[in-house]
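**Student:** Handing you a structure now.
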Amino acid sequence: MAQRIAEGGIRHHGVLQAIATVPRHAFIDAGLSAQAYEDSALPIGNEQTISKPSIVAKMIEALLKTKPKLGKVLEIGTGCGYQAAVLSLLADDVYSVERIRNLHDSARAKLRPYRISNLRLIYGDGIRGLPQAAPFDGIILAAAGLGIPDPLLDQLAIGGRLIAPVSRSETEQQLLLIERVSSQRYQRTVLDEVFFVPLQSGTI
Ligand code: SAH
(Lines give C-alpha, C1' and ligand atoms only; values in the text may rest on other atoms or scores of the structure.)
Protein backbone atom coordinates (compact mmCIF):
# COMPACT_ATOMS: atom_id res chain seq x y z
CA MET A 1 0.00 0.00 0.00
CA ALA A 2 2.86 2.40 0.86
CA GLN A 3 4.32 1.75 -2.59
CA ARG A 4 1.03 2.61 -4.28
CA ILE A 5 0.85 5.79 -2.23
CA ALA A 6 4.40 6.67 -3.28
CA GLU A 7 3.39 6.13 -6.90
CA GLY A 8 0.49 8.52 -6.22
CA GLY A 9 3.00 11.31 -5.51
CA ILE A 10 3.79 11.17 -1.77
CA ARG A 11 7.54 11.75 -1.36
CA HIS A 12 8.03 12.13 2.40
CA HIS A 13 9.98 9.07 3.52
CA GLY A 14 8.72 9.18 7.13
CA VAL A 15 5.09 9.31 5.98
CA LEU A 16 5.54 6.31 3.67
CA GLN A 17 7.29 4.41 6.44
CA ALA A 18 4.53 5.21 8.96
CA ILE A 19 1.84 4.05 6.48
CA ALA A 20 3.80 0.83 5.95
CA THR A 21 4.12 0.32 9.72
CA VAL A 22 0.53 0.77 10.98
CA PRO A 23 -1.66 -2.31 10.27
CA ARG A 24 -4.83 -0.73 8.83
CA HIS A 25 -6.79 -4.00 9.08
CA ALA A 26 -6.57 -3.83 12.88
CA PHE A 27 -8.72 -0.67 12.88
CA ILE A 28 -11.68 -1.93 10.86
CA ASP A 29 -14.30 -4.67 11.12
CA ALA A 30 -12.97 -8.20 10.50
CA GLY A 31 -15.59 -8.56 7.74
CA LEU A 32 -13.92 -5.74 5.77
CA SER A 33 -10.31 -6.80 6.29
CA ALA A 34 -9.97 -8.03 2.69
CA GLN A 35 -10.31 -4.36 1.67
CA ALA A 36 -8.04 -2.94 4.38
CA TYR A 37 -5.13 -2.29 2.01
CA GLU A 38 -7.16 -0.83 -0.84
CA ASP A 39 -7.13 2.91 -1.26
CA SER A 40 -10.70 3.48 -0.18
CA ALA A 41 -12.69 4.89 2.71
CA LEU A 42 -14.52 2.16 4.68
CA PRO A 43 -17.37 2.23 7.21
CA ILE A 44 -16.40 2.20 10.91
CA GLY A 45 -19.90 2.40 12.45
CA ASN A 46 -21.99 5.37 13.62
CA GLU A 47 -22.24 6.50 9.96
CA GLN A 48 -18.53 7.42 9.94
CA THR A 49 -15.66 6.20 7.76
CA ILE A 50 -11.93 5.55 8.02
CA SER A 51 -10.29 7.95 5.53
CA LYS A 52 -8.57 6.79 2.33
CA PRO A 53 -4.91 6.03 3.10
CA SER A 54 -3.73 8.22 0.21
CA ILE A 55 -5.58 11.18 1.77
CA VAL A 56 -4.18 10.43 5.23
CA ALA A 57 -0.69 10.43 3.68
CA LYS A 58 -1.32 13.62 1.71
CA MET A 59 -2.65 15.51 4.73
CA ILE A 60 0.20 14.48 7.00
CA GLU A 61 2.78 15.25 4.31
CA ALA A 62 1.28 18.74 3.96
CA LEU A 63 1.57 19.27 7.72
CA LEU A 64 5.19 18.15 7.79
CA LYS A 65 6.33 19.89 4.60
CA THR A 66 10.03 18.89 4.62
CA LYS A 67 10.39 18.37 8.39
CA PRO A 68 11.11 14.79 9.47
CA LYS A 69 8.84 15.14 12.51
CA LEU A 70 6.37 17.53 14.16
CA GLY A 71 6.18 18.67 17.77
CA LYS A 72 2.64 18.78 19.14
CA VAL A 73 -0.27 17.80 16.89
CA LEU A 74 -4.05 17.95 17.37
CA GLU A 75 -6.36 15.66 15.37
CA ILE A 76 -10.09 16.38 15.24
CA GLY A 77 -12.04 13.17 14.56
CA THR A 78 -10.30 10.10 16.03
CA GLY A 79 -12.78 7.77 14.32
CA CYS A 80 -11.27 4.30 14.52
CA GLY A 81 -7.85 5.65 15.57
CA TYR A 82 -5.93 4.73 12.40
CA GLN A 83 -4.74 8.20 11.45
CA ALA A 84 -3.90 8.94 15.10
CA ALA A 85 -1.62 5.87 15.11
CA VAL A 86 0.09 7.04 11.90
CA LEU A 87 0.53 10.54 13.34
CA SER A 88 2.05 9.17 16.56
CA LEU A 89 5.03 7.97 14.48
CA LEU A 90 5.56 11.44 13.01
CA ALA A 91 5.06 13.78 15.97
CA ASP A 92 6.40 14.14 19.51
CA ASP A 93 2.89 14.36 20.97
CA VAL A 94 -0.53 13.68 19.44
CA TYR A 95 -3.89 14.68 20.93
CA SER A 96 -6.93 13.25 19.15
CA VAL A 97 -10.50 14.35 19.89
CA GLU A 98 -13.69 12.41 19.04
CA ARG A 99 -17.30 13.54 19.65
CA ILE A 100 -18.95 10.08 19.46
CA ARG A 101 -18.44 8.18 22.72
CA ASN A 102 -18.83 4.80 21.04
CA LEU A 103 -16.02 5.51 18.53
CA HIS A 104 -13.79 7.08 21.18
CA ASP A 105 -14.13 3.97 23.37
CA SER A 106 -13.55 1.56 20.51
CA ALA A 107 -10.50 3.50 19.23
CA ARG A 108 -9.07 3.34 22.76
CA ALA A 109 -9.58 -0.44 22.81
CA LYS A 110 -8.01 -0.88 19.36
CA LEU A 111 -4.98 1.24 20.20
CA ARG A 112 -4.35 -0.27 23.66
CA PRO A 113 -2.21 -3.24 22.46
CA TYR A 114 0.22 -0.85 20.74
CA ARG A 115 0.96 1.05 23.99
CA ILE A 116 1.58 4.34 22.16
CA SER A 117 2.93 6.60 24.90
CA ASN A 118 2.81 9.88 22.92
CA LEU A 119 -0.89 9.62 21.92
CA ARG A 120 -3.76 10.91 24.03
CA LEU A 121 -7.41 10.30 23.11
CA ILE A 122 -9.98 12.84 24.28
CA TYR A 123 -13.78 12.53 24.21
CA GLY A 124 -15.20 15.96 23.38
CA ASP A 125 -16.22 18.47 20.73
CA GLY A 126 -13.16 19.20 18.60
CA ILE A 127 -14.69 22.44 17.28
CA ARG A 128 -13.52 23.99 20.56
CA GLY A 129 -10.01 22.60 20.05
CA LEU A 130 -8.06 21.64 23.15
CA PRO A 131 -7.02 24.90 24.84
CA GLN A 132 -5.32 23.12 27.75
CA ALA A 133 -2.71 21.60 25.40
CA ALA A 134 -2.37 24.52 22.90
CA PRO A 135 -0.50 25.85 20.98
CA PHE A 136 -0.13 23.11 18.35
CA ASP A 137 2.49 22.87 15.59
CA GLY A 138 -0.02 20.97 13.49
CA ILE A 139 -3.81 20.60 13.47
CA ILE A 140 -5.57 18.07 11.24
CA LEU A 141 -9.33 17.79 10.75
CA ALA A 142 -10.81 14.49 9.57
CA ALA A 143 -14.29 15.98 9.05
CA ALA A 144 -15.54 18.87 6.90
CA GLY A 145 -17.11 22.01 8.36
CA LEU A 146 -18.44 25.12 6.62
CA GLY A 147 -15.25 26.93 7.62
CA ILE A 148 -12.32 26.51 9.97
CA PRO A 149 -13.49 26.91 13.59
CA ASP A 150 -11.92 30.04 15.16
CA PRO A 151 -10.68 28.25 18.31
CA LEU A 152 -8.54 26.01 16.08
CA LEU A 153 -6.97 28.99 14.31
CA ASP A 154 -6.25 30.56 17.72
CA GLN A 155 -4.67 27.36 19.00
CA LEU A 156 -2.24 27.06 16.08
CA ALA A 157 1.35 28.03 16.95
CA ILE A 158 2.98 30.78 14.87
CA GLY A 159 4.70 28.90 12.05
CA GLY A 160 2.27 26.02 12.54
CA ARG A 161 0.10 24.39 9.86
CA LEU A 162 -3.52 23.33 9.87
CA ILE A 163 -5.08 21.06 7.28
CA ALA A 164 -8.83 20.65 6.86
CA PRO A 165 -11.55 19.74 4.41
CA VAL A 166 -14.07 22.60 4.09
CA SER A 167 -17.51 22.33 2.47
CA ARG A 168 -18.36 24.76 -0.33
CA SER A 169 -21.79 23.27 -1.05
CA GLU A 170 -23.73 20.06 -0.37
CA THR A 171 -21.52 18.13 -2.76
CA GLU A 172 -18.28 20.11 -2.99
CA GLN A 173 -15.41 20.16 -0.49
CA GLN A 174 -11.89 21.54 -0.71
CA LEU A 175 -8.86 20.46 1.24
CA LEU A 176 -7.30 23.62 2.71
CA LEU A 177 -3.84 24.18 4.14
CA ILE A 178 -3.57 27.13 6.53
CA GLU A 179 -0.20 28.41 7.74
CA ARG A 180 -0.03 30.82 10.64
CA VAL A 181 2.50 33.39 9.51
CA SER A 182 2.20 35.72 12.53
CA SER A 183 -0.25 36.25 15.38
CA GLN A 184 -2.76 37.94 13.02
CA ARG A 185 -1.80 36.55 9.59
CA TYR A 186 -2.80 33.21 8.09
CA GLN A 187 -1.91 32.03 4.60
CA ARG A 188 -4.40 29.76 2.84
CA THR A 189 -3.76 27.26 0.01
CA VAL A 190 -6.33 25.01 -1.69
CA LEU A 191 -4.80 21.55 -2.16
CA ASP A 192 -7.51 19.33 -3.60
CA GLU A 193 -11.18 18.45 -4.07
CA VAL A 194 -12.14 15.90 -1.40
CA PHE A 195 -15.06 14.12 0.26
CA PHE A 196 -15.17 13.82 4.06
CA VAL A 197 -17.91 13.15 6.63
CA PRO A 198 -19.34 16.35 8.20
CA LEU A 199 -17.85 18.16 11.20
CA GLN A 200 -20.66 18.27 13.76
CA SER A 201 -20.98 20.13 17.01
CA GLY A 202 -21.60 18.72 20.47
CA THR A 203 -20.93 15.24 21.82
CA ILE A 204 -23.05 12.09 21.62
N1 SAH B 1 -9.16 9.93 11.42
C2 SAH B 1 -10.23 8.98 11.37
C3 SAH B 1 -11.32 9.43 10.41
C4 SAH B 1 -12.66 9.30 11.03
S5 SAH B 1 -13.99 10.08 10.17
C6 SAH B 1 -9.72 7.58 11.06
O7 SAH B 1 -8.52 7.40 10.85
O8 SAH B 1 -10.54 6.66 11.10
C9 SAH B 1 -14.15 11.60 11.01
C10 SAH B 1 -14.49 11.56 12.47
O11 SAH B 1 -14.68 12.92 12.89
C12 SAH B 1 -15.79 10.83 12.83
O13 SAH B 1 -15.49 9.81 13.74
C14 SAH B 1 -16.65 11.91 13.48
O15 SAH B 1 -17.44 11.46 14.55
C16 SAH B 1 -15.60 12.90 13.96
N17 SAH B 1 -16.08 14.27 14.22
C18 SAH B 1 -16.95 15.01 13.50
N19 SAH B 1 -17.14 16.22 14.09
C20 SAH B 1 -16.35 16.23 15.21
C21 SAH B 1 -16.11 17.18 16.24
N22 SAH B 1 -16.72 18.38 16.29
N23 SAH B 1 -15.23 16.85 17.23
C24 SAH B 1 -14.61 15.65 17.24
N25 SAH B 1 -14.80 14.70 16.30
C26 SAH B 1 -15.66 14.98 15.30
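The values are calculated or read from the model by the stated rules, or taken from the named source; none is laboratory data. Just so it is clear, the model here is predicted, and its values are computed rather than measured. Virtual Cβ from ideal backbone geometry, glycine too; neighbours counted across all protein chains shown. For accessibility, only protein heavy atoms count, side chains too; no ligands or nucleic acids. Shrake-Rupley method; radii C 1.70, N 1.55, O 1.52, S 1.80 Å.
**Student:** Please enumerate the residues belonging to the range 28-46 that are part of a loop (DSSP other than H, G, I, E, B) and near the ligand (Cβ under 9 Å from one of its atoms). Steps first, please.
**Tutor:** So the first thing to find is which residues in the range 28-46 are part of a loop (DSSP other than H, G, I, E, B), and the list is 28-29, 36-41, 46.
28, 41, 46, listed by residue number.
**Student:** Restricting the search to the range 59-79, which residues are among the hydrophobic types (A, V, I, L, M, F, W, C) and within 11 Å of the chain's Cα centre (by Cα)?
**Tutor:** 59, 60, 63, 73, 74, 76
**Student:** Quickly run through the range 105-128 and pick out the residues that are open to solvent by less than 10 Å² (accessible area, probe 1.4 Å) and under 25 Å from residue 150 (Cβ atoms).
**Tutor:** Within the range 105-128, 126 is the sole residue that qualifies.
**Student:** Continuing with this model, one more query. Which condition breaks for residue 201 when tested against (1) within 14 Å of the ligand (Cβ to nearest atom); (2) surrounded by 18 or more Cβ atoms within 10 Å (Cβ to Cβ)?
**Tutor:** The number of the failed condition is (2).
**Student:** Taking the criterion of being crowded, with 22+ Cβ neighbours inside 10 Å, assigned to a loop (DSSP other than H, G, I, E, B) and not hydroxyl-bearing (Ser, Thr, Tyr), would at least one residue in the range 62-69 satisfy it?
**Tutor:** Scanning the range 62-69, I find no residue that is crowded, with 22+ Cβ neighbours inside 10 Å, assigned to a loop (DSSP other than H, G, I, E, B) and not hydroxyl-bearing (Ser, Thr, Tyr), so the answer is no.
**Student:** Continuing with the same structure: When only residues in the range 82-107 that are assigned to a strand (DSSP E or B) and small (Gly, Ala, Ser) count, which is nearest to the ligand (Cβ to nearest atom)?
**Tutor:** Applying the first criterion (assigned to a strand (DSSP E or B)) to the range 82-107 yields 91-98.
Narrowing the set further to residues that are small (Gly, Ala, Ser) leaves 91, 96.
Details: 91: 14, 96: 8 Å.
My answer is 96.
**Student:** Residues of the range 17-27 being in a helix (DSSP H, G or I) and open to solvent by 30 Å² or more (accessible area, probe 1.4 Å), which ones?
**Tutor:** 17, 20, 21, 25, 26
**Student:** Name the one entry in 79, 138 that is assigned to a loop (DSSP other than H, G, I, E, B) and either of a type outside the set (Phe, Trp, Tyr) or open to solvent by less than 10 Å² (accessible area, probe 1.4 Å) (or both).
**Tutor:** Only one candidate passes the filter, namely 79.
**Student:** Still on this model: Which count do you get for residues in the range 160-194 that are in contact (Cβ under 8 Å) with a residue 60 or more places away in the chain and not in a strand (DSSP E or B)?
**Tutor:** Total meeting the criteria: 0.
**Student:** Quick one: residue 49 ticks every box in (1) assigned to a loop (DSSP other than H, G, I, E, B); (2) open to solvent by less than 70 Å² (accessible area, probe 1.4 Å); (3) of a type in the set (Ser, Thr, Tyr) except a single one, so which number is it?
**Tutor:** (1)
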